[in-house]
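What follows draws every value from the coordinates through simple rules; no lab data is involved. Treat the numbers as computed from the prediction; the structure is a model and nothing was measured. When we count neighbours, we look across all protein chains shown, and the Cβ atoms used for this are built from the backbone with ideal geometry, even at glycine.
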Amino acid sequence: EKAVMLQNLDSHWKEHLAAMDHLRQGIHLRGYAQKNPKQEYKRESFALFSQMLEALKVEVITILSRVKVQAEEDVQKVEEQRRQADNVPKHFEHKEASATPEEKSDKVRTEMRNGPKVGRNDPCPCGSGKKYKQCHGKLS
């Protein structure tokens, strides 16, 4: 009974918060109708809260009226199965970790420079006349 009530209260509360957010976004328009937006917000939010409570009551009563009471033997069987499931030892196998990283067969090949390092603002060695950072430096 508590679980049903809490679950429904949670879902209705989330819907209520979304409705309140929607109301808050549009309440300023009431000022154009010469009404106090703060008073209108209070009135509308109270109405929404009352509607939420009524909907919650109706839904909980509907669900609880459909609940079928199980026989005592069925409840004992379910509890016994649950206890057996809890008593089963859970075996997990973990892979042994080594302190050294595994060597990869595909090593990345590093390229060696033929000349001196080119600065970002130096002219590009390709001969375009642009700075290195605007030419081939963009690629790196």
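Values for this structure:
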| quantity | calculated |
| --- | --- |
| Relative exposure of CYS126, CYS135, judged by other C-beta atoms within 10 Å (fewest first) | CYS126, CYS135 |
| R0 of 41 Å, Cβ-Cβ distance LYS138-GLN25: FRET efficiency to nearest 0.05 | 0.35 |
| Simple label model, 7 Å out from Cα along Cβ direction - ARG66 to ASN121, nm | 7.5 |
